[in-house]
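> The structure is given below, and queries will be raised subsequently.
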Amino acid sequence: MFYYIIHDIRLINFKCVFINKIVSKFTVVANLKKIKDNDKREKATPKYITGCKRIIVSDDYLPSLNRENTNIITDKLHSIT
């Protein structure tokens, strides 16, 4: 039952822009606490509301950005080779 309630709430989130903005802000703040570096945190912060782009459902993606050998590159792509 709980599983269905969560999915219904997600549907309401995508249909109602006001609720979507509130939920987006809450989830972004909660998730970005996992990134320790302020520069990486700023680059990883989405500039759009939830559902505008692909949603990453993973519990190890954001903590992996804390590794020293990880960079976030936000430059535009010029070509793919």
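The values are calculated or read from the model by the stated rules, or taken from the named source; none is laboratory data. Nothing here was measured: the structure is a model prediction, and the numbers come from that model. Glycine gets a Cβ as well: all are built from the backbone with ideal geometry, and neighbour counts include every protein chain shown.
> So how many residues does the range 31-52 have that are at pLDDT below 75 and loosely packed, with under 10 Cβ neighbours inside 10 Å? Reasoning before the result, please.
First, the residues of the range 31-52 that are at pLDDT below 75: 31, 48-52.
Going one step further and asking which of them are loosely packed, with under 10 Cβ neighbours inside 10 Å, we end up with 48.
Count: 1.
> For a quick check of your reading of the model, give me the residue pairs whose first member lies in the range 30-55 and is closer than 22 Å to N66 by Cα, whose second is modelled with pLDDT under 80 and not in a loop (DSSP other than H, G, I, E, B), with beta-carbon atoms closer than 6 Å and at least 6 apart or on different chains.
Correct list of pairs: R41/L32.
> Residues in the range 61-68: is at least one at pLDDT below 90 and either closer than 26 Å to I19 by Cα or among the basic types (K, R) (or both)?
yes
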